[in-house]
Amino acid sequence: MFDGYDSCSEDTSSSSSSDESEEEVAPLPSSLPIIKNNGQVYTYPDGKSGMATCEMCGMVGVRDAFYSKTKRFCSVSCSRSYSSNSKKASILARLQGKPPTKKAKVLQKQPLVAKLAAYAQYQATLQNQAKTKAAVPVEGFNWGNYINSNSFTAAPVTCFKHAPMGTCWGDISEGVRVEVPNTDCSLPTKVFWIAGIVKLAGYNALLRYEGFENDSSLDFWCNVCGSDIHPVGWCATSGKPLVPPRTIQHKYTNWKAFLVKRLTGAKTLPPDFSQKVSESMQYPFKTSMRVEVVDKTHLCRTRVAVVESVIGGRLRLVYEESEDKTDDFWCHMYSPLIHHIGWSRSIGHRFKRSDITKKQDGHFDAPPHLFMKVKEVDTAGEWFKEGMKLEAIDPLNLSAICVATIRKVLADGYLMIGIDGSEAADGSDWFCYHATSPSIFPVGFCEINMIELTPPRGYAKLPFKWFDYLRETDSIAAPVKLFNKEVPNHGFHVGMKLEAVDLMEPRLVCVATVTRIIHRLLRIHFDGWEDEYDQWVDCESPDLYPVGWCQLTGYQLQPPAPQSSRDSQSSSSKQKKKAKSQQYKGHKKMTSLQLKEELLDGEEYSFLQGASDQESNGSASYYIKQEP
């Protein structure tokens, strides 16, 4: 990326003296390669001693870190401000008929100055935006230490198309150079130095300062999308000083030549990287928008809810009838569980009418185009019919794939599905999946992929055989060709770390691991918890995020459960059998604030989003032939 380098010493720096404007740059030695950055020239310390005081703002600092040949100013902005103060005198001289001085040349170069000032203001705006996204630390847990101590690998950002920068991450990889704050420095002001990416883990990068070679003693983790990480060249355009770390300051007498050699041909972040980060974190859903969302107490119907808050694309929805705003539901804005107002009526889905007959002041319907679009299907020919059998992820027990039945065929490709042997008499626990959902499978899917299929409750003829069951129930299997067979190249591998929503308690985002991959289906394990809490999730689920997502968006991350909590949960789960009924609570993990509390049943069950998509182990064995 770099085909040269703007080197800098006292005799090659730009000047702000009374004899020259700061835009005039002395010729550089022909023996050094040059890197141009918006017309600016780098200034680096040469290890010379001495302090200086800025003539504009009065700041005291290392003289070699100051701007201009005479080291009179601490930054470009101070030099520019000092120069502008002489403009009145220059204009007065012209009015009096006196010849213009060299300082008056600043007036003629206003377009360049304006551009640089606009760029500096733009960078400042991005920094202010970043500051508003305060990171949420998790006491006692650090992703960097967790990954380093166990040699874990994290899923790359490109696996998560719905996450910030998921579609424009580019070729950010090990070896990329950036400019970051220099924490190994005793100066009273904030200074920077160049570092290289040693390891990537989602959004997080392990960085090493240039000059440390194989010494990892001062390596540190940093969120690549954070406000303190910049492309090489940012300091020059922003007038920020580059100062080598104190630990290695003695290693070289000419840091300028060292950096020229190390950076020539190296890669850095795109110049508009911070702008892309900011743009990718703008979300179309706003507070007070009304949507239709699944009723968490009766899966078979939807209710009206209002967006109460938006964090990283995740929505906290409060059911419209909740007076104290405690009856809420969390989901991502791309979740298949939310829809525009009027969706239920349009497809024939059950809907709970609100007791509120009039919209509350300030509430307004979310535009239909904001919601995730489903793939169009042709229902004119052979299609799903009521009574057909299939296999489906149980939304009340996401670790299980169960024997299921199509109970009702709705419009636009939607299906109401019930779990055999566990259905309520009134059908209140039926749930809606689209025909293209990656959470429903043809008969035989589990057998061919060596997944344990959960038979109907009370079914005594074990081991379960589909051929016998279809004959006993006088039913037929849904045709294989009607199911979604697309398997994207998702990039996940077994063992990868990520941050995942506990869909049985969807307000929680937890440290998690991919433990199995079946085509596009991922088995997500929550670190520190029993396998019974695992969940089957699609590879394109909007409820999966890269390592560092919580820190970037300001969401609370749930760390792995400590041993004491696991023992408590294990003994409790052995005493309590799951009851699949309208009172089903599911296995709920305790938050970090509840780990010392006794496990209690919730008042209502929660469930998982029904659809998610991803990975491939080869599609040749995706289905087995149905028995005659």
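The values are calculated or read from the model by the stated rules, or taken from the named source; none is laboratory data. If you're wondering where the values come from, they're calculated on a predicted model, not measured in any experiment. In this analysis, Cβ positions are derived from the backbone assuming ideal geometry, glycine residues included, and neighbour counts consider all displayed protein chains. Ligands, DNA and RNA are stripped out before the accessible areas are found, and what is left, the full protein with its side chains, is counted by its heavy atoms. Shrake-Rupley method; radii C 1.70, N 1.55, O 1.52, S 1.80 Å.
Table for the structure above
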{"read-out": "Charge dipole (debye, nearest 20) of region 172-269; +1 at Cβ of Lys and Arg, -1 at Cβ of Asp and Glu", "value": "260"}
{"read-out": "Listed residue (Leu259, Pro284, Ser344) projecting farthest to the positive dipole end of region 230-352, Cβ model", "value": "Leu259"}
{"read-out": "Probe 1.4 Å - accessible area at Tyr334, Å² to nearest ten", "value": "80"}
{"read-out": "Built amide H within the under 5 Å cut-off of Ile172, gap 5+", "value": "none"}
{"read-out": "Global form of region 198-299, assessed from the alpha-carbon gyration tensor, a/c cut-off 1.5", "value": "prolate"}
{"read-out": "Pairwise centroid distance, computed over Cα atoms, of region 215-246 with region 373-439, Å", "value": "52"}
{"read-out": "Förster radius 56 Å - calculated FRET efficiency between Asp272 and Arg457, Cβ distance, rounded to 0.05", "value": "0.50"}
{"read-out": "R0 of 60 Å, Cβ-Cβ distance Arg246-Asp378: FRET efficiency to nearest 0.05", "value": "0.30"}
{"read-out": "Accessible area, probe 1.4 Å, largest first, for residues Glu472, Glu505, Glu391", "value": "Glu472, Glu505, Glu391"}
{"read-out": "Charge context of Leu482, other residues only, Cβ under 12 angstrom, K/R +1, D/E -1", "value": "+1"}
{"read-out": "Cα-based shape type of region 283-370, given that a ≥ b ≥ c are square roots of the gyration tensor eigenvalues and the cut on a/c is 1.5", "value": "rounded"}
{"read-out": "Between region 291-340 and region 488-514, the Cα center-to-center distance that results, in Å", "value": "22"}
{"read-out": "Sites His363 and Lys385, calculated FRET efficiency, Cβ-Cβ separation with R0 35 Å, nearest 0.05", "value": "0.30"}
{"read-out": "Where trypsin sites (Lys or Arg not before Pro) fall in DSSP loop in region 359-446, at most 12 other Cβ within 10 Å", "value": "Lys373, Lys375, Lys385"}
{"read-out": "Charge dipole (debye, nearest 20) of region 379-514; +1 at Cβ of Lys and Arg, -1 at Cβ of Asp and Glu", "value": "240"}
{"read-out": "Loop-located chymotrypsin sites (Phe, Trp or Tyr not before Pro) in region 203-283 whose Cβ has at most 16 other Cβ within 10 Å (DSSP)", "value": "Tyr252"}
{"read-out": "Theoretical gain in end-to-end length, Asp171 to Met450 [0.36 nm per residue, Cα-Cα removed]", "value": "96.8 nm"}
{"read-out": "Net dipole in debye of region 215-362 [+1 Lys, Arg Cβ; -1 Asp, Glu Cβ; about Cα centre; nearest 20]", "value": "540"}
